[in-house]
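See below for the structure under consideration.
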Amino acid sequence: MRGFGSTMGLYEPGRGFLYRTPLPVKAAASLGCAGIVLAWRSPFVTAVALVLTVGALVVGARLSPVRILRMLLPAAPVLVVLALYQGWLQGWTVAFGVSGGIVACLLAARALTLTTPTQDILDGVARLARPFRVVGAQPERFALALSVMLRSIPYLAGLFVDVREAAKARGLERNPRVAVTPLVIGAVAYAHRTGEALTARGLGDHDDGDDEEDPAPAPGM
């Protein structure tokens, strides 16, 4: 719907060294960027993180600065409000450190998801969760849940825009029921279709067969 998969930062084929970088390296770099920005909330660290993440996208993924700004547009209203709030309470230096740090984390995450096929990310998540089998975890189901989430968010975002524009075309954009009701119905229908597709592929809640009762013996046996 309306290319929301691209807005969410899903994989797009391209050239650049980031496409050839192994997934563990990119994931470690993305997590490291977030950890450093959160641990040292200084304007200098934030500025360095922004330069590195923007540079990685421009050089490593060959994205234009305009494209990078477009990627941040969905989060722009929240970032602006947060920056104004922090600037009013604690000063503009702190505001830059907080909002700029969030931008750096977003760009680091986008650098990972834009240059790595979604299936590779899911396989990596499953491998990472395998040690937790000893406590009853199921890595494949965890990766499946992540896959469903990645596919659902762009769909629901596009559905929201479509419903809002349809209400606006009828002059009913100020009526919350007109906007919310179709959105809820569409989300529930999408959830039902997803559940039916998973069940058809043998991925229901009771596919192990451990809890099934033994069939009753035939009479006379």
*Could you please rank 105, 33, placing first whichever residue has the fewest other Cβ atoms within 10 Å of its Cβ?*
105, 33
*asked:* Can you tally the net charge around residue 112? Count Lys and Arg as +1, Asp and Glu as -1, for every other residue whose Cβ sits under 12 Å from the Cβ of residue 112.
replied: +1
_Extension gain from residue 192 to residue 135, taking 0.36 nm per residue of separation minus the Cα-Cα distance_ = 17.5 nm
_Full-stretch length increase - residue 76, residue 42 - with 0.36 nm per residue and alpha-carbon distance subtracted_ = 10.1 nm
*asked:* I'd like the FRET efficiency for residue 93 and residue 172, computed as 1/(1 + (r/R0)^6) with the beta carbon distance as r and R0 of 45 Å, rounded to 0.05.
replied: 0.50
*asked:* If you average the alpha carbon positions of the range 82-117 and of the range 29-75, how far apart do those two centres end up, in angstrom?
replied: 8
_Anisotropy class of the range 4-116 from Cα gyration tensor, a/c 1.5 cut_ = prolate
*Cα-based shape type of the range 69-126, given that a ≥ b ≥ c are square roots of the gyration tensor eigenvalues and the cut on a/c is 1.5*: prolate
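Here, each number is a calculation from the coordinates, and none is a lab measurement. Computed from a predicted model, the values in this text were never measured in an experiment. Reconstructed Cβ throughout: ideal geometry from the backbone, glycine too, with neighbour counts over all protein chains shown.
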